[in-house]
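FYI, it's all coordinate maths here, none of it is from the lab. Computed from a prediction, not measured in an experiment: that's the story for all the values here. Cβ atoms come from the backbone with ideal geometry, glycine included; neighbour counts cover every protein chain shown.
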Amino acid sequence: MKKISFRPAFFALPYVVICAIFVVFPLILVLIYAFIGSDGSFTFENFKLVFTQSSNLTLLLKTIGIAALTTVICLLIAYPTAMVLASAPFNRYVVLALLFIIPMWMNFVLRVIALKSLLFMLGVDYGFLATMIGMVYDFLPFMLLPIYTVLTNMDKSYKEASADLGANGAVTFFKVTLPLSMGGVVSGITMVFMPVFSAYAITGMLGDASTNVIGGKINGLFTTTSTWGVGSALSFVLLILVFLTMFISNFITARAPKSKPSASTKGGVAQ
Amino acid sequence: MRETREQRFDKIIEVKNVTKVFDDVTVIDDINLSIRRGQFVTLLGPSGCGKTTLLRMIAGFTLPTSGNIIIEGQDVTQMPPYRRPVNTVFQKYALFPHLNVFKNVAFGLKLKKLDDGVKTDAKGNTVKKTRKLTKSEIADKVNHALKMVGLEDYGHRDVNSLSGGQQQRVAIARALVCEPKVLLLDEPLGALDLKMRKDMQVELMKMHKELGITFVYVTHDQEEALTMSDVVVVINDGVIQQIGTPKKVYDEPANAFVADFIGESNILSGVMVKDFSVKFLDTVFECEDKGFDKNEPVDLVVRPEDIKIYAADSGKGQLSGKVLTAVFKGTWYEMEVEANGYEFTVQSTTEAKPGANVRLGIKPDGIHIMKKLRTINEFKGEVSGENTVDICGGTFEFDNKDGLEKGTAVKVSVGFDGVELTDDESDGVIGAFVTQTLYKGTYYQVQIYTDTDEDFYIDTTDEWDIGDRVGVRLDPAKIKAEPLAEEAENEEN
């Protein structure tokens, strides 16, 4: 009788199967639809339509703008918050950190509906401002968590060494703490930028005509006008863009631990 | 070489009445310490004794709860670390992982401001000008520092690609390049293997000699401390036990703790019969100590290498014993020899086989007498009932022979043998932590710390672990209580 050897790779099998059925297969379908015209024949017409409609381009730029703005606001709020939460007096109270994470445990549609009522009560009109509030509120934990994790795990002796060598609080922050936390910042940016880029539910629920994004357009192409071919082509372009962002952020992360402060400390190596 | 008066009083660091309390635990207890310029001073003690806390307070990472720290005549107690003229070599190196070797070493230099003459400002006042170091100055200094630690070609290397020993060298270069007045080293060699540690010891001593700056070195390794230092400061329980040259703390330990901690030793209890004569193990020995009271109980230490082994029928030596074990240690044999109920550790180049009967001889200069830290447990308390007395937050039964009235303030004394420890805290009258245990050949002397901040000494044959939570019972027959006289109280104050 042949002995069955269990290699660790076997344990990945369920994931591979699920991935093939629900990720790879639909992607292939999108790719196929993108090259099929309304009459069912092979065509580049869909891509032509995507790139020639100027509204698509402006929509794309607007989407990138909203995603970038959301990411920046999230970063500006999350980094100081993470620093406070990770600092000695607060870090003991895990509850404090949890408070920022708990919203993630709730369904996000539910959260947006709640926010919608709240904004209505406060008299904030649906539109750009409401959308931004919704986006930041929804994606803040994804920025906070990786930065908080990096900061709490950072050996405090680095800060001490910096102070020991003559750096005050501000210098230590910019030359030691920030560069060493770049990994968390980059993964935070990735985790906020990419989903916001393709999100359309929040803009749909809290926005108006001015906050139409590319995700909403794709949704419309599939559900309203039933132009699956064009929708697939646009999705495909979006996918490429997301891959590009991921590639860039990975590239930065790989370089992060030793890159950042070099701008100010470059030169001087006399070998 | 005789030192001048100036040298002797040239204190670079003064620690004055410094106490540090962390979460109600006193880690450093009213320490006073002066460190002279240019010396290699080692803070030595078991882990948790407070030596690292003391170093961190000198560096400025931890603020003392009370007391002052003075560096170069300037009170730096509240000064942040980046303004202090000291640099630290950290236990785990703490090299910045995002910078290469060169940039790590250059970190401090880039922040350094140099005096650059004076200038006259718009209002006509003269102000001191400062300037930053130029790139070439920094490069020169960094390369010089790297050369000093033997890593001249490693500037461009990633710090994570270096071995532990190399990282340690970078850490040393990074601290020294800032030209500190004092270099603080926090167990810098702890993570290195033995061979590397020995090499680095020699190199650090060489650097100390060449640079002439003061080194304050923290270690728990007594051998390292004895090898490297000019002065050893032995610390235990947040209190300095002894300050002295390595030879002094080894040859003349101030108390039983120091004797036990530094080097191998046989610690015994004895009685000074008269000057130059001490009695232990029912035998009177000649010694070199005097000035004790007649029949004063003392602790004494005999180093393993100071015990001579003779054949059983040689008629030499003072004690008869039997060899229990013998282990070859390279250049000598280490033997356990039982004599009069005490197990001596003996180091000798001649081997005696286990089971052999031998004679042991100790010369007068091999016996070092120490004052007993305490000969009896003494507490102030109050008679709380017909046959009970309250001390240390508990009510203990005792034999009220003198018929003391309830409410009388008393001085209660209990011998070391009148205290019993129980495994289960609830079996005792009060609870306490074991803080120290010392093997005295035939029994352990255990020290415990009660919740009311008092110490008990106990002689026991049971072995207890430091940190154990125990219950305390007292033998009613061994409690002595006498009314606290007013005068006596005044005298104590």
Can you give me the C-alpha center-to-center distance between the range B:408-462 and the range B:151-220, rounded to a whole angstrom? 43 Å
Taking Rh as the Kirkwood radius computed over C-alpha pairs, what is the Stokes-Einstein D of chain A at 20 °C in a medium of viscosity 1.002 mPa s, expressed in µm² per second? 98 µm²/s
Over the range B:270-371, with a single point scatterer placed on each C-alpha, what log10 of the ratio I(q)/I(0) does the Debye formula yield at q = 0.20 1/Å? -0.95
Applied in sequence order to the range A:39-45, the curve 6.51 cos²θ - 1.76 cosθ + 1.60 (Karplus, θ = phi - 60°) yields integer Hz couplings, x standing for Gly and Pro, of 8, x, 9, 5, 7, 9, 3
Kirkwood hydrodynamic radius of the range A:18-72, Cα pairs, Å: 13.6 Å
Which of the listed residues, B:PRO80, B:THR375, B:VAL142, is farthest toward the dipole's positive end in chain B, when Lys, Arg count +1 and Asp, Glu count -1 at the beta-carbon? B:VAL142
Based on DSSP H runs of at least 4 residues, each adding -39500 (n - 2.57), what is the mean residue ellipticity at 222 nm of chain A after dividing by all its residues, to the nearest 500 deg cm²/dmol? -22500 deg cm²/dmol
Coordinate range along principal axes, alpha carbons of the range B:377-492, Å, largest first: 39, 31, 24
Nearest-20 debye value, the range B:377-492 charge dipole, Cβ charges on Lys, Arg, Asp, Glu: 180 debye
log10 of Debye I(q)/I(0), alpha-carbon scatterers only, for the range B:108-179 at 0.17, 0.22, 0.28 Å⁻¹: -0.68, -0.95, -1.24
Relative contact order for the range A:21-256 using alpha-carbon pairs under 8 Å, separation at least 6, rounded to a whole percent? 32 percent
How are the Cα pair distances of chain B distributed, in percent, across 10 Å bins from 0? 4, 15, 21, 22, 18, 11, 6, 2, 0, 0
Return the tail of the calculated pair distribution for the protein assembly as shown, meaning the percent of Cα-Cα pairs more than 46 Å apart. 49 percent
For the range B:108-179 the mean separation of alpha carbon contacts under 8 Å (6+ apart) over residue count, i.e. relative contact order in percent, is 30 percent
With each pseudo-label sitting 7 Å past Cα toward Cβ, what's the B:ASP29-B:GLU405 distance in nm, one decimal? 3.6 nm
Amide H to amide H, which residues 5 or more places from B:ALA312 or on other chains are under 5 Å from it, using H placed in the peptide plane? B:ARG359
State the extension gain, in nm to one decimal, for the chain segment bounded by A:SER55 and A:ILE113, taking 0.36 nm per residue of separation less the distance between their alpha-carbons. 18.0 nm
If you take the charge dipole of the protein assembly as shown about its Cα centre, with +1 on Lys and Arg Cβ and -1 on Asp and Glu Cβ, which of B:LEU189, B:ILE243, A:PHE247 is farthest toward its positive end? A:PHE247
How large is ³J(HN,Hα), in whole Hz, for each residue of the range A:190-205 in order, when computed from phi with the Karplus curve 6.51 cos²θ - 1.76 cosθ + 1.60 and θ = phi - 60°, using x for Gly and Pro? 4, 6, 9, 4, 5, x, 5, 4, 9, 6, 9, 5, 5, 5, x, 8
With +1 on each Lys and Arg Cβ and -1 on each Asp and Glu Cβ, how big is the dipole of the protein assembly as shown about its Cα centre, in debye rounded to the nearest 20? 5740 debye
Candidates per trypsin sites (Lys or Arg not before Pro) in the range B:152-187, loop by DSSP, up to 16 other Cβ within 10 Å: B:ARG157, B:LYS181
Output wanted: per-residue J couplings in Hz (rounded whole) for the range B:476-484, from phi through Karplus 6.51 cos²θ - 1.76 cosθ + 1.60, θ = phi - 60°, x for Gly and Pro. x, 5, 9, 8, 10, 10, 10, x, 7
With n ≥ 4 as the cut-off for DSSP H runs, can you work out [θ] at 222 nm for chain B, using -39500 (n - 2.57) per run divided by the number of residues, rounded to the nearest 500? -5500 deg cm²/dmol
With +1 assigned to the C-beta of every Lys and Arg and -1 to the C-beta of every Asp and Glu, and no other charges, what is the dipole magnitude of the range B:270-371 about the Cα centre in debye, to the nearest 20? 200 debye
Select from B:VAL170, B:THR130, B:LEU111 the residue farthest towards the positive end of the dipole of the range B:108-179; place +1 on Cβ of Lys and Arg, -1 on Cβ of Asp and Glu, and compute about the Cα centre. B:THR130
Under the definition of partner shielding as Cβ atoms of other protein chains within 10 Å of a residue Cβ, what is the mean value for peptide B:88-98? 6
For the range A:75-164, listing chymotrypsin sites (Phe, Trp or Tyr not before Pro) in a DSSP loop whose Cβ sees at most 12 other Cβ atoms within 10 Å gives A:TYR93
Length-normalised contact order of chain B, Cα under 8 Å, at least 6 apart, in percent, tallies to 10 percent
